[in-house]
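The block underneath contains the structure these notes are about, expressed in structure tokens.
Please treat every number below as a calculation from the coordinates, not as lab data. Here the structure is a predicted model, which means the values were calculated and not measured. Virtual Cβ from ideal backbone geometry, glycine too; neighbours counted across all protein chains shown.
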Amino acid sequence: MTFEIPPDLKMLAIEASTDVCSVASCNNGKVYVRHQHAPRRHAELVLASCHAVIGEAGLALSELDALVVGRGPGSFTGVRIAVAAAQGLAFGAQLPVAPVSTLATLAQSVYRERGAAEVCAALDARMDEIYCGAFRVDALGRMELISKERVCSMAELELPAGKWFGAGPAWDRYAAEIPEAVAGTWAQAQPHAADALTLALAQIEAGALITAAELEPVYLRNRVTR
């Protein structure tokens with residue numbers, strides 16, 4: 001599944017809530033990406049990757065229409081790095097911000113790559129728990145949350161009726177506890193910043209962008225694990 005970004009939109013997206021540091025920009029309908037599996041190197045890579053993709057798109061930061069950021073849940077450190085980077089860039093260039101769920105971005109990535117229309121995105125939250133959310137593709141090809149994002153054990157996971165596809169590292173970590181409602185899994189799936197751009201379109205269309213000062217991370221719990 002592929003999605004077209006309107007050619008008049010110029011955006012930058014940052015997603016760093018997992019072991020992957022993913023950054024993407026768009027201009028004239030084309031998307032430019034840095035997507036690297038780089039555990040514990042996000043602080044080193046994220047700003048350099050942002051400047052790289054903006055440069056490849058032929059843009060200056062001040063020319064962007066919006067800055068998109070994965071607001072979590074996920075790695076506490078990774079979420080903080082992404083939010084701090086987005087706030088710094090947005091404050092400096094006076095850009096509006098579109099905060100996007102990391103779980104929704106993961107689900108959107110799986111829909112794009114595998115065509116799965118009902119996705120339960122799940123990340124390992126440590127402490128024998130997962131961050132999870134159930135998403136279903138809408139008429140515009142965008143993943144829509146249909147059950148509240150939460151932190152729970154895999155055994156406590158409840159899914160609405162449907163043919164669910166499990167995506168994300170938690171499905172490997174807790175493979176012995178997969179619910180019967182899940183028809184297949186892709187544990188190697190990771191959220192991709194290009195898909196955060198797709199999800200941000202809904203906020204832009206609704207006029208629901210926020211300021212950098214209003215941007216807050218979403219952890220789903222307060223106990224820091226990493």
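Before moving on, here are some points about what is shown:
- Size descriptors for the stretch 102-186: radius of gyration and Dmax over Cα atoms are 11.5, 37 Å.
- Cβ-Cβ FRET estimate between Ala213 and Arg126, R0 fixed at 35 Å, reported to 0.05: 0.70
- Per residue, the convex hull spanned by the Cα atoms of the chain measures out at 108 cubic angstrom.
- Normalised by the number of residues in the stretch 55-123, the mean separation of alpha-carbon contacts (under 8 Å, six or more apart) gives a relative contact order of 33 percent.
- Among Met143, Met154, a tally of other beta-carbon atoms within 10 Å of each Cβ gives an order, fewest to most, of Met154, Met143.
- Proxy reagent accessibility, fewest Cβ within 10 Å first, across His35, His192: His35, His192
- Span from the the stretch 122-186 Cα centroid across to the the stretch 60-116 one, whole angstrom: 21 Å
- The Rg/Rh ratio for the stretch 1-88 is 0.96, where Rg is the radius of gyration of the alpha carbons and Rh is the Kirkwood radius.
- The angle between the Cα long axis of helix 42-56 and the main principal axis of the chain comes to about 50°, on a 0 to 90 degree scale.
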